[in-house]
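Accompanying notes for the structure given below.
Nothing in this text is a laboratory measurement; each read-out follows from the coordinates by a stated rule. Note that the structure is predicted; figures quoted are calculated from it, not measured. Don't worry about glycine lacking a Cβ; one is built from the backbone with ideal geometry, like all the others, and counts go over all protein chains shown.
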Amino acid sequence: MDKEYNKIFYIGLSRSGTTSLHRIISELGLKSVHLCGFLLLDEPKWEMCDQFDALGDSPVPLLFKELDSKYPNSKFIITIRQKEKWLESMKWMFNHGKVKWNWGERIHEYHESFYGTRYYDKRILTKHWNDYHQNVSDYFSTSPDKLLTIRIEDGFDVGDICAFLNLPYREIPKTKFNSRVNISLIKRIRYNIIYYIRRAGLLIIRSFLGKGFKLRSHS
């Protein structure tokens, strides 16, 4: 393989097939990380990016311009779910997914910084879907060869991904990930009680120390 790029960043929104893309990239022999917690810290550990060939999910979509600057000559893949289907899936994520994955305050802060809300709000999320995809399109308009767009309703074409990444083709079985499972009301109530207690404590500590979350949205 003649690698002609630095890194791969997959910058699709949450609930847009990034877990499936992560698996495909891994199956193609590249070292991929899905959910980059080391970039969600008050002082992001940028050096940890060097341990991976590909990075995606939170907070990569928020930081894609900065990552492009820090890692020039990289490739970007954006997965796009049809808007109404995405909104439906985001509604599940904000009500059930947060309990399933036991989100800590840092993830909630990231969502507030990137999406503009830490709760399901159809109006805010609709605007974000529109603005984000337009922002990505505009940014790569002068370098379209750096971006591969995958509309997940059309499925993942492994051949297209291999061609984009200059990798030999490999057959990869189709598997669905991150299926929605509804969480019981009792578990959701328990999660919310613990969440608000922890958030209040964290806000008090940060107020005392004069620290806050630093990630910024690139508009």
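For the pair K70 and R199, what calculated FRET efficiency results from E = 1/(1 + (r/R0)^6), where r is the Cβ-Cβ distance and R0 = 30 Å, to the nearest 0.05?
The formula returns an efficiency of 0.45 here.
Tally Lys and Arg at +1 and Asp and Glu at -1 over the other residues with C-beta under 14 Å from the C-beta of Y169: what net charge comes out?
Once positives and negatives cancel, what remains is -3.
If r is the Cβ-Cβ distance from S207 to T142 and R0 is 41 Å, what FRET efficiency results, to the nearest 0.05?
0.40
Using 0.36 nm per residue of separation minus the Cα-Cα distance, give me the extension gain between L167 and N102 in nm, one decimal.
Extra length from L167 to N102 when fully extended: 19.8 nm.
Using the Kirkwood formula on the Cα atoms of the stretch 8-209, what hydrodynamic radius do you get, in angstrom to one decimal?
About 18.1 Å for the stretch 8-209.
Which ordering of W86, W46, W92 is given by a fewest-first count of other beta-carbon atoms within 10 Å?
In order of increasing Cβ crowding within 10 Å: W46, W92, W86.
What spacing in nm lies between the two simple spin-label points modelled at K45 and D131, each 7 Å away from Cα in the Cβ direction?
Simple spin-label model gives 3.2 nm for this pair.
Restricting the count to DSSP beta bridges whose residues both fall in the chain, what percent are antiparallel, rounded to a multiple of 5?
Within the chain, antiparallel bridges account for around 0 percent of the total.
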